[in-house]
Each structure stands twice: as structure tokens, then as C-alpha cells.
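Read the structure below first, then the notes.
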Amino acid sequence: MLKPTPLFWAIPLVVVLSVASAEPPVANSAGTKIPGTEYTRKADVIYGRKHGVALTMDVILPPKPNGAAVIWVVSSGFNSHHSWIEGPQFAKNMSMLLDRGYTIFAVVHGSVPRFTVPEYYGDIRRAIRFIRHHAKSYGIAPTRIGISGASAGGVISLMMGAAAEEGNPEARDPVDRESTRLQAVACFYPASDLLNFQEEGQNVIPIATRCGHAASYKFCDFDQETKVYVPITDSQRIDELLAEYSPITHVTADDPPMLIVHGDADRLVPLFQASKMIDKLKAAGAKAELVIAKGKGHSWKDMWTNEMRYIADWFDVHLAAPK
């Protein structure tokens, strides 16, 4: 059973309006070949709009599609930039998935410092709904969608798996009538508990400040009378929100299968962030697995050619076509 929408009462919900069409709106509907690869890219697909600007993603098509999709959350320190997925390198990083037939949706969300954690979640939920609504146009099954990412992209991936939302059957936009339920999650070195980050009792904000993305946690209330955002400064309330926005808070037995690959030498996001999440998922009765990369820190050079195989194998099992 899908879980109710988390109560993001720190800021007003972002209104995203985008009228869905029979065919997905793409900047280049035919797609372009990615130099040095067998893959085709459809760039700057608009999956939603907010605050007068477009939310976009790139779709990378494999030479032999298998009918399943993997959403890659483009996010590091909650920075999200289209430049990171331009050119051939990103596609080469995804080659293990593409060569197995997965269609890749590289989703860019509203980035720090302009937006905050609940808004990142809202953007990716919108992307999931958009992809599911247009599944037939992309040649994928709406019931064979997985999600992945690294670091902040991993946090968002875990949250999408643990806090699925039902669609609104009365929504004006048919995209918003779709569920955000995913069939599998597999990600690299994510945090799962923003309230207890590098050690128990220490929240994420000090390390986020040192790393330059503290704006992600600048929560506000919206004053309906003055029409301004009022910063939340009460430490207890901030901690309550950090708990609400932590994937580990939302774990239940009906969560999709989740895999985490995490280095045991990670000094930025400690390994216990992954192990706690996996332990809680297993205790709840959900399918979960932790792969420990020995001697690896926060990101490593050869993970795309080595540890990515764990991600691909996970999706092969849990996004397989029904027999």
C-alpha cells in the first residue's frame, strides 16, 4: 500500500503546472547520437515547470531497449546542473545499464542554493509521474521503473523509494494522477538520517555548512498575510523537519527492493548511514542489501566499471519483465 504524502509544512508546496500531451514534449524529438557511443540522447525534455522556469531531464536510449527504465538523479551536495550530463562521459558512465537495455532518464532538479530539500523531493516525484505517464512513448513499462544516484542523488533515491505518493485522481494535469511508486532502488553512498549524520545526535547542518550546501536546510514558513517567507530558526523544529525529510523515517514493509553501495573509508557520509537504512528495511520485512566497497571513500574513479555492476545486477533482478 502506498504511504501518504509527507507533511512538508515548513514551506508551501511548490505548484508545478504542465499540461501533459499525447507525446512527451522534447527539445529534439528525434534524438541525437552521442559521439563515441551507440546511444541516442533526447536532451532538455521538460517534465514540469515551477516559479516560471522549466524542469528538465535528458533521456538516453540504448541500442536494444529491454522495456525497463532507470531514473538517474543528477545531484551532488544537492547541486544539480545539466552540464554534468552533457557530452559523452555521462553516457559512458551509464554504459553498463545502457548495454543491458535500460533507458536512462537523467533528471535535473531545482538546485541549491535557490531551493531546499522538500522541493528537490517534489521535483523528482514530478519526474517519476511524468515518466510513468509517458511510458508508452518511451518504449518502457510503467511497472518497471527504478531509481539511482550518488551521494545527494542517493538520498533522494532512498526517499523516493521509502515515501511513495499516490496520484491525485482529480488533478487537472493527468501527469499528477500518476503514482510515484518505484519497483527498485539502487544507489551509491547516500545519507539516510539527516538528524544523526556523522554521529548520533549531530544533525547534517554543520557538515553541510562546511561543504557549501547549507541552503538546502534553510526552511521557511510562508506568511499568508504578508506574502513573505519567514525563516525557521527554532532548533527543535528544524530537527523535526530533518527527521521528516530523512528516508529512514519512512521505512515500511512495502518499500521496493533497495540496494546501497557504500565505501567503508567514506569520511563525508559514514558507512553507518547505509547500514542503518538497510538494517531498518530488513527489520520491516523489505528486500534490502548493502555492498561495502573496501577502502573506498566518498566517490571513487573506477566505480562506473566495477561497483556499477551491483547496481545493474540489482535492476536485472527487480526490474525484469514478468514471465
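Read-outs: derived from the displayed coordinates by stated rules, not from any lab. As the structure is a computational prediction, the values presented were derived from the model and not from experiment. Because the Cβ atoms are built from the backbone with ideal geometry, glycine has one as well, and the counts that use them run over all protein chains shown.
Observations, loosely collected:
- In region 153-163, residue surrounded by the most Cβ atoms within 10 Å (Cβ to Cβ) [restricted to those that are over 8 Å from the mean Cα position of the chain (by Cα) and hydrophobic (A, V, I, L, M, F, W, C)]: A162
- Options A215, A152, A171; residue that is closer than 30 Å to Y310 by Cβ and of a type in the set (A, V, I, L, M, F, W, C): A152
- On the stretch given as region 154-203, residues that are part of a helix (DSSP H, G or I), touching a strand residue (DSSP E or B) at 6+ places or on another chain (Cβ under 9 Å) and of a type in the set (A, V, I, L, M, F, W, C) total 6.
- Scanning region 227-250 finds no residues that are in a loop (DSSP other than H, G, I, E, B), touching a residue at least 24 places away in the same chain (Cβ under 8 Å), surrounded by fewer than 14 Cβ atoms within 10 Å (Cβ to Cβ) and within 22 Å of the chain's Cα centre (by Cα).
- If you filter region 251-267 down to residues that are of a type in the set (A, V, I, L, M) and crowded, with 17+ Cβ neighbours inside 10 Å, you find that the one that is farthest from A164 (Cα to Cα) is V261.
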